[in-house]
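Enquirer: I have a structure I would like to understand better, so I am pasting it below and will then ask my questions one at a time.
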Amino acid sequence: MFTIKPIAAALGAELHGVDLCADLSSAVYQEIRRLLVKHQVIFFRDQNISPAQHKALAESFGPLQTHPAYDTIAGFPEITVLESTADKPSKIEAWHSDMTFRQHPPLGSVLRSKICPPAGGDTLWASMTAAYDGLSKPMQEFLANLTAEHDFSFGFKESLAEPGGRERLAKAVADNPPVNHRVIQTHPESGKKVIFVNSLFTTRIVELEENESRAVLKFLLEHVTAPDYTCRFQWRPNSIAIWDNRSTQHKPINDYFPAHRRLERIAIDGDRPY
């Protein structure tokens, strides 16, 4: 059904041989989902999908989420616009899993490129299953019963610090108080263990004293993004990335300013609380 081209040992594969603009069968959608769980992030090239096709692709995985802080496309509140221009450059360049400040973080996301800079603007992904497997057995056991706090306000502190930012995001802050998630999760489909902390939203490990929490978090946040656990994707117009938010982190590389970059993303609702 697909030609599969792995792009790194830990995760990531390009899929060829399918037209996402066509009416896809349930069997094709099921195979895309199977390959997503296997490879954790999958990529497609030259797919000029419409907003409705973008939504249909995301809905094949489950219900959709909206985002409290980003602009959206008219008529499609699920499609958030991630845009960086010379006048309004992107502020986020941290490794993260999406929206872990929610009690039900997204299952995954479908991101398509509209405008790409002539050079730069790649995105990195990291495998949290490979990162977990890279821990020693004593460290795995130490982390097994710990929980961590995730906070919207911590992740959007730069936006909140802007003139008028706290007023603009007041509802988002009120609707998203800090939540706790287990540091080590079991992926509900693969059954593999994953590390579930990230530098953008994770503030502390609840059960540890402040200095202990700071030291353990520092170790984990450096460990999970070791090069051996990562892959890198170079965007071109009409490329699509689908990633499993339960088992990956990602990081945009903001090395293209002042060029224009515009991506459009749909987040798929979480399949369970963490």
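The values are calculated or read from the model by the stated rules, or taken from the named source; none is laboratory data. Everything numeric here is computed off the predicted structure, so don't read it as measured data. Cβ placement follows ideal geometry from the backbone for every residue including glycine, while neighbour counts extend to all protein chains displayed.
Enquirer: With the structure loaded, tell me whether Asp228 is outside any loop (DSSP other than H, G, I, E, B), more than 15 Å from the chain's Cα centre (by Cα) and closer than 17 Å to Leu124 by Cβ or whether it fails that test.
Expert: Against the criterion (outside any loop (DSSP other than H, G, I, E, B), more than 15 Å from the chain's Cα centre (by Cα) and closer than 17 Å to Leu124 by Cβ), Asp228 qualifies.
Enquirer: If you don't mind, there's one more thing I want to ask. Please work out if Arg204 is under 19 Å from the mean Cα position of the chain (by Cα), basic (Lys, Arg) and at pLDDT 95 or above.
Expert: Against the criterion (under 19 Å from the mean Cα position of the chain (by Cα), basic (Lys, Arg) and at pLDDT 95 or above), Arg204 does not qualify.
Enquirer: Filter the stretch 170-214 down to the residues that are aliphatic (A, V, I, L, M), part of a loop (DSSP other than H, G, I, E, B) and farther than 28 Å from Gln40 by Cβ and list them by number. I'd like the intermediate steps shown before the answer.
Expert: Our first condition is that a residue be aliphatic (A, V, I, L, M); within the stretch 170-214, this holds for 170, 172-174, 179, 183-184, 194-195, 197, 200, 205-206, 208.
Those still in the list that are part of a loop (DSSP other than H, G, I, E, B) too: 183, 197, 200, 206, 208.
Selection gives Leu208 alone.
Enquirer: Does Ile184 qualify as being buried (at least 18 other Cβ atoms within 10 Å of the Cβ) and touching a Leu at 6+ places or on another chain (Cβ under 6 Å)? Before you say what the answer is, go through the steps one by one.
Expert: Values: buried (at least 18 other Cβ atoms within 10 Å of the Cβ): yes; touching a Leu at 6+ places or on another chain (Cβ under 6 Å): yes.
Answer is yes for this residue.
Enquirer: For the condition of a type in the set (Ser, Thr, Tyr) and surrounded by 15 or more Cβ atoms within 10 Å (Cβ to Cβ), what is the one hit in Thr66, Thr80?
Expert: Values: Thr66 fails: surrounded by 15 or more Cβ atoms within 10 Å (Cβ to Cβ).
Unique residue meeting the criteria: Thr80.
Enquirer: Would you please name the residue that is nearest to His104 (Cα to Cα), looking only at residues in the stretch 129-142 that are in a helix (DSSP H, G or I) and either of a type in the set (Val, Ile, Thr) or touching a helix residue (DSSP H, G or I) at 6+ places or on another chain (Cβ under 8 Å) (or both)?
Expert: Checked the stretch 129-142; the qualifying residue nearest to His104 (Cα to Cα) is Thr129.
Enquirer: Also: Give the stretch 143-169 a look and list any residue that's out of contact with any strand residue (DSSP E or B) (no Cβ under 7 Å at 6 or more places or on another chain), part of a helix (DSSP H, G or I) and either free of Cβ contacts under 8 Å to residues at least 12 places away in the same chain or aromatic (Phe, Trp, Tyr) (or both), or say none.
Expert: Phe152, Lys157, Ala161, Gly165, Arg166, Glu167, Arg168
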